[in-house]
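A short write-up of the structure that comes next.
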Amino acid sequence: MSVINKMLRDLDQRNNSVAGANQIIARQHGQPLWLTVLLLLTFGLLCFAIYAVLSRSTVMPAADLAIAVPEPAAQQLPAEPAPPAEIAISASLESTNSPEPSQSLAPEQSTTAENAATTIIAPPQLPVQAVAEMAEIAAQPEQQLAEPADIAAPMPQATKVAQVPVPPAAKTDSSLSVTSREPTAAQSQAKLRQQALAAAQAGQPQQALRYWQQLQQLAPQDALVYLAQARLWLQLGQPQQAEVSLLQAKAQGIVDADIQLMLAQAAASRQQWLQAEALLPAGFAVALHPDYYGLKATALQQLEQHQQAFEWFAELSRLQPQLGKWWLGGAVSLEALERPAEAHQYYLNALQWGDSLSVQSKTYIQQRLVATE
């Protein structure tokens, strides 16, 4: 019995070993198919992850080019985080690499899977600010992302050009345009002249004199400045100051008919007929200055130079026959020259055109008409 029992035990052990061997063989036959399916799935996911990485890498340079502000190399954004597909691959690889008592990968296959997992899950994680910036770049329009690289590339160079200092010539021009120009000499003279005339018209001769004196310093060769001062002095009852102003004009070498006439009138007022006649040279047009030559003829008449005086009176009576004073002067010189008939006619003309003559002059003419008949 013991032998039979022993044989039965041996037979059971053999059957158990054969069944275990068959189970092991069955498992060995089933393992390659499972691993093949797992590897194919892993390979498909790996290809999809590589495609996603490559597609994002082709879009990112255009997005980077659309950024207008260049940043230093030290502040460049790190690489993108791994897409969800890569994370799923890493999780599946981790679950695949978890130890199981009955499953194990081949050495070559496990090494390949580990290298693939290491290559894909390598990118570091970005900070929160970098992720926000990348999200803004991804949200930009496609036209901005599609701009060529040569549009945004020269931005640093343009910044350098904008920082170039302005040339000195341009700064000088801008300063000249801002600086107010001082009035010219002609403008200052015109302003003083207007102020002097306005003060004279307003009845302020003293103020007008001050303006003319200022103008005399700016324009010492202007005869009108001295004439205006002399007339204002006469208006103020100071003929000596008027004569001083006229003599200042002569000292400047100014030759003017009106200045000479006023100086001759001052000399005639003092009965200085010789000086008066000397101050009236015959260098001006008679038609333009009749009073000038009328005083000259009167001075010659007072100096008993009747022939020269009559010539000037005759010229003036031809130019201005409506003025009786020229006819009267000529008649006096003719009577002195003992030419009574001609003198009588001149007296008649003087009486005819003597509306502007005084009563004394008209009385004198009537007396001489009776004497020359």
## Note on the structure
The correct pair for segment 260-373, radius of gyration to one decimal and Dmax as a whole number, both in Å and from Cα atoms, is 13.7, 40
### Message
I'd like to check one number: the per residue accessible area of segment 281-373, probe 1.4 Å, reported in Å² as a whole number.
### Response
54
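For segment 189-345, give the percent of accessible area contributed by carbon and sulfur heavy atoms, probe 1.4 Å, rounded to a whole number. Each step should come with its number before you reach the end.
Numbers: 4180 of 8140 Å².
Carbon plus sulfur share of accessible area: 51 percent.
I'd like the trypsin sites (Lys or Arg not before Pro) in segment 201-281 restricted to DSSP loop residues with at most 13 other Cβ atoms within 10 Å, sorted by number.
Numbers: sites: 210, 231, 250, 270; in loops: 270.
The qualifying sites are 270.
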### Task
Starting from segment 175-248, pick out the chymotrypsin sites (Phe, Trp or Tyr not before Pro) whose DSSP state is loop and whose Cβ has at most 13 other Cβ atoms within 10 Å.
none
### Message
Taking the Cα centroid of segment 179-225 and of segment 275-313, what is the distance between the two, rounded to the nearest whole Å?
### Response
34
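The values are calculated or read from the model by the stated rules, or taken from the named source; none is laboratory data. Model, not experiment: these values are computed from the prediction. Don't worry about glycine lacking a Cβ; one is built from the backbone with ideal geometry, like all the others, and counts go over all protein chains shown. Side chains included, ligands, DNA and RNA excluded: accessible areas come from the protein's heavy atoms. Shrake-Rupley method; radii C 1.70, N 1.55, O 1.52, S 1.80 Å.
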